[in-house]
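A.B. asks: Here's a structure for you.
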Amino acid sequence: MPPSPDIATINQGVYERPGLARWYSDWTTLWPVEEVIFAATASQWQGAKVLDIGIGGGRTCGFIAPDAGSYVGVDYSRTMVASAQARHPGLDLRHGDARGLTMFADGAFDFILFSFNGIDSVDDADRALILAEASRLLRPGGTFVFSSHNLDWSGNGRFVADMLRVTLSPSPVRTAKAFARVLVRARNYLRARKAYVRTERYMITPDAGDEFAAPHYYLGAAEAKRQLEAAGLEHLQTYDWTGTPVEAPPDTGSSSLYYVARKP
Ligand SMILES: C[S@@+](CC[C@H](N)C(=O)[O-])C[C@H]1O[C@@H](n2cnc3c(N)ncnc32)[C@H](O)[C@@H]1O
């Protein structure tokens with residue numbers, strides 16, 4: 001069997017695309033679940049030392065940085081960092097890989113955020129490295145917030161139908177473009193699908209976002225909790241995408257889940 005492709009490298013290439021950076025920089029609002037979590041954890045990040053990982057086009061920066069005591073944002077895509085810098089001149093936004101943030105000292109932060117499923121861009125071993133880094137970088141009592149694709153979501157099986165969907169238009173040019181998009185998606189999907197992995201704990205499969213070019217990691221809430229604990233972090237709460245606490249996993253209604261954890 002050939003070795004599985006390195007999904008962090010594939011996804012880094014996807015996130016370096018200028019068109020995708022522009023797409024991410026157009027997002028200006030928080031997800032409902034983020035509004036709930038940022039309000040619930042306000043005492044943990046306001047006036048505190050905040051690290052924002054995987055900032056993309058800078059969507060979260062403007063919500064957190066003004067009220068943080070200090071704020072640094074990192075991303076492993078230089079294109080994304082440049083895009084976020086253009087949007088937020090004056091903020092400390094740097095190139096950095098969540099798997100090894102050696103430029104920061106142990107316990108340097110009170111609050112770490114890795115929003116919108118950015119942690120799912122790497123494979124199982126690299127994910128453990130990222131969780132270990134979050135644990136190392138937090139001071140005791142510090143908070144880690146991140147989200148992940150939900151392996152238990154009932155819609156996961158609809159990916160191929162989503163990929164093939166064409167929106168017909170009265171305009172022949174628009175309809176032709178819609179068909180061309182399906183071809184691009186199908187090509188992306190077939191490439192990204194080479195990284196497919198399914199185990200009892202997780203799955204790696206092309207994400208419907210980013211035109212199916214990016215293979216992403218999916219896990220359920222119980223496995224996320226286990227991984228946090230393995231990294232020395234205490235799981236506090238899981239939320240669905242509306243911001244409702246998930247009390248009894250598995251949750252099948254939400255395509256992604258947000259997690260709040262604490263360094264004991
Ligand atoms: C889905 S985008 C989300 C962007 C932004 N957080 C938002 O919510 O709009 C994921 C981001 O995580 C970044 N990322 C993925 N893996 C990373 C890693 N190992 N280290 C740093 N950034 C990473 C990607 O480059 C990308 O910008």
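A.B. asks: Out of the stretch 187-200, which residues are part of a loop (DSSP other than H, G, I, E, B) and either loosely packed, with under 12 Cβ neighbours inside 10 Å or at positive phi (or both)?
C.D. replies: To start, the set of residues in the stretch 187-200 that are part of a loop (DSSP other than H, G, I, E, B) comprises 196, 199-200.
The answer is Thr199, Glu200.
A.B. asks: Is it the case, given these coordinates, that Thr252 is modelled with pLDDT of 95 or more, of a type in the set (S, T, N, Q) and more than 22 Å from Ser121 (Cβ to Cβ)?
C.D. replies: Values: modelled with pLDDT of 95 or more: no; of a type in the set (S, T, N, Q): yes; more than 22 Å from Ser121 (Cβ to Cβ): yes.
The answer is no for Thr252.
A.B. asks: Test of understanding: among Val173, Val260, Val184, which residue is outside any loop (DSSP other than H, G, I, E, B) and out of contact with any helix residue (DSSP H, G or I) (no Cβ under 8 Å at 6 or more places or on another chain)?
C.D. replies: Criteria check complete, one pass: Val173.
A.B. asks: Let me ask another. Do you know which residues across the stretch 201-220 are within 12 Å of Asp124 (Cβ to Cβ) and part of a loop (DSSP other than H, G, I, E, B)?
C.D. replies: Arg201
A.B. asks: Still on this structure: For a quick check of your reading: which strands (runs of 3 or more DSSP E) sit entirely within the stretch 69-123 and have at least 1 residues that are among the polar types (S, T, N, Q) and surrounded by fewer than 22 Cβ atoms within 10 Å (Cβ to Cβ)? Outline the logic, then answer.
C.D. replies: Numbers: elements: 70-75, 92-95, 109-114.
Here the list reads 70-75.
A.B. asks: Looking at the stretch 1-29, which of its residues are surrounded by 13 or more Cβ atoms within 10 Å (Cβ to Cβ) and either among the hydroxyl-bearing types (Ser, Thr, Tyr) or more than 9 Å from the ligand (Cβ to nearest atom) (or both)?
C.D. replies: The initial filter retains those residues of the stretch 1-29 that are surrounded by 13 or more Cβ atoms within 10 Å (Cβ to Cβ), namely 4-8, 10-12, 14-17, 20-21, 23-25, 27.
Those that are surrounded by 13 or more Cβ atoms within 10 Å (Cβ to Cβ) and either among the hydroxyl-bearing types (Ser, Thr, Tyr) or more than 9 Å from the ligand (Cβ to nearest atom) (or both): Ser4, Pro5, Asp6, Ile7, Ile10, Tyr15, Arg17, Trp23, Tyr24, Ser25.
A.B. asks: If you scan the stretch 40-65, which residues turn out to be within 16 Å of the ligand (Cβ to nearest atom) and part of a strand (DSSP E or B)? Reasoning before the result, please.
C.D. replies: Residues of the stretch 40-65 that are within 16 Å of the ligand (Cβ to nearest atom), as a first pass: 45, 50-65.
Val50, Leu51, Asp52, Ile53, listed by residue number.
The values are calculated or read from the model by the stated rules, or taken from the named source; none is laboratory data. Since the structure is predicted, the reported quantities are computational estimates derived from the model, not experimental observations. In this analysis, Cβ positions are derived from the backbone assuming ideal geometry, glycine residues included, and neighbour counts consider all displayed protein chains.
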